[in-house]
Amino acid sequence: MTSATLPAQNSILIVDDEPIVLAALKETLEREKFQVVACSSPVKALAILETRDFAVIISDQRMPEMLGLDFLIESRKARPRASRVLITAVLSLTTIVDAINQGEIFRFVAKPWLREELLATVRNAIQRHELVTQNEVLMAKSQQLNAQLITSNGELELKVRALEEQSRRLDQANLELGTRYENSLELCRRILTAYDPILGGQAKTLVEFAKKMAETAHFTEAERHSLASAAWLCDLGLIGVSRELLRTFRTNPGQLSERERTTLHHHPIYSQTLASLVDSNATIGEVIRAHHEHYDGTGYPDALAGNHIPWAARCLAVAVGYLESGLPKQAAIDSLLAKSGSYFDPEAVRLFLKVSNLVHLPRQVREILLDELEPGMVLASGIYSPHGLLLIGEGQPLGPATIAKIRGHNEVTPISQRLLVYL
């Protein structure tokens, strides 16, 4: 470290042309552990300031080479942070004004000085120097940080723009993927139509039923997607079944051999495999595989029962059962109701009939699901057990205990009939 870069710390430069006064000042300050440099010439003192920094510069006013005020003004050019103290025996108003306007004098000390007053002035001057120095350091750091912040903000803005562009491209790609996905589903339906027009027509209607059910609040977002997609793809496996076998199944199913029946019962597995080429979502494949399972466990291909069958598959099974019955509308509805609780989940049957508007209810009566029962509702028809036992009579208001009783009974023995309440 060179002398020009030595830190000021507690260093003090004193300038006075009187040797006795200079020695007295130096001795007084050094006793207080200050680092003191004494100089009898203001010209030499200016040369010293070019090579070394000081926290405080103390100068006498009347000196032959130059006045102390002029010296302090010149010293400010070399060491602007230093605290300047002027010692004078004659403290005139002119001297004070000039010192303030030109030299930025920190303090005045009158001759003869009081030791305690002098030391207090020096300590305050050193403290002022430290504050000025620290402030400049902080200002420099602040400017550096501001510059870094400006640079970082610029880089961040570029990154934000890049992310926005990436997001826009991603949205566009997702839109294109969605369009391609819909086109793939429509292509599958057209393939079904080309192979068997009845299958193609049923698939289109099945998709409409599935969309209406999926619009209700009884599905998670994943279940909605699975139900809608499975409706498009669940019969793809029938392409591998001969047209003659399909015709026999529709017109005279009793003539099917056991082998032919097994082939038909395996079409959900074939559909699951083919559907995976369109959508790799395993949940969709599970719904397709289970859409011919029966609520009582007598379905195919895995003989699943109750809640082991995915909820979306239970709903899809009702729509498929309605279409495959080949019966007129009211007869098909009666068939669904007859199989509710055995082939079909009663809740799924109720949801299908409700959203499909297949049942024309009398005025001021509406159909609800079991989980929609609320205290204060009045039944528009009685609720019976599968054995014909009346559980709740028509016109009876429902309270919390009654609703709990109905739901508890449904857990043990599913209630298969429709639930009607007065508005």
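Return the FRET efficiency for the residue pair ALA282, VAL132: r is the Cβ-Cβ distance, R0 is 60 Å, and the value is rounded to the nearest 0.05. Please list the in-between numbers first.
Working: r = 72 Å, r/R0 = 1.20.
So, using R0 = 60 Å, E works out to roughly 0.25.
Starting from the Cα gyration tensor of segment 196-360, take the square roots of the eigenvalues, sort them a ≥ b ≥ c, and report rounded, prolate or oblate (rounded when a/c is under 1.5, otherwise prolate if a/b is larger than b/c, else oblate).
Values: a/c = 1.44, a/b = 1.15, b/c = 1.26.
Verdict is rounded for segment 196-360.
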query: Among bridges DSSP assigns within the chain, what percent are antiparallel (round to 5)?
result: 30 percent
- prompt: Under the Kirkwood approximation for Rh and a Cα-based Rg, what ratio Rg/Rh is obtained for segment 3-136?
  reply: 0.92
- line: Checked against the structure, the computed Rg and Dmax of the Cα atoms in Å among (1) 20.9, 70; (2) 26.6, 78; (3) 48.6, 137 is the one labelled (3)
task: Return the lysines within reach of LYS405: Cα separation strictly under 24 angstrom, same-chain partners fewer than 8 residues apart disregarded; answer none if there are no such residues.
output: LYS339, LYS354
statement: Between the alpha carbon centres of segment 266-285 and segment 18-56 the gap in Å comes to 95 Å
query: Using the Cβ atoms and a cut-off under 13 Å, what net charge is assigned to the surroundings of ILE239, where Lys and Arg are +1 and Asp and Glu are -1?
result: +1
- prompt: How big is segment 365-423 by Rg and Dmax over its Cα atoms, in Å?
  reply: 10.3, 29
- prompt: So which residue, out of THR273, THR216, THR28, gets the largest mean-square fluctuation from a GNM of the chain using Cα contacts under 10 Å as springs?
  reply: THR28
task: Please list, in chain and number order, the residues 5+ apart from PHE344 or on another chain whose amide H is under 5 Å from its amide H, with Hs placed from the backbone.
output: TYR295
field: GNM result for the chain, Cα springs below 10 Å: residue of GLU50, GLU347, GLU374 fluctuating most strongly
entry: GLU50
- prompt: Where nothing but the Cβ of Lys and Arg (+1) and of Asp and Glu (-1) is charged, how large is the charge dipole of the chain around its Cα centre, in debye to the nearest 20?
  reply: 480 debye
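Which of the three applies to segment 324-423, rounded, prolate or oblate, going by the alpha-carbon gyration tensor with a ≥ b ≥ c and a/c under 1.5 meaning rounded?
Oblate, because a/c is 1.5 or more while a/b does not exceed b/c.
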field: Gaussian network model of the chain, Cα within-10 Å springs - most flexible of ALA173, ALA290, ALA319
entry: ALA173
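Since every read-out is calculated from the coordinates, none of them should be taken as a lab result. Only a predicted model underlies this, so the values are computations on that prediction, with no experimental measurement involved. All Cβ positions, glycine included, derive from the backbone under ideal geometry; neighbour counts span all protein chains shown.
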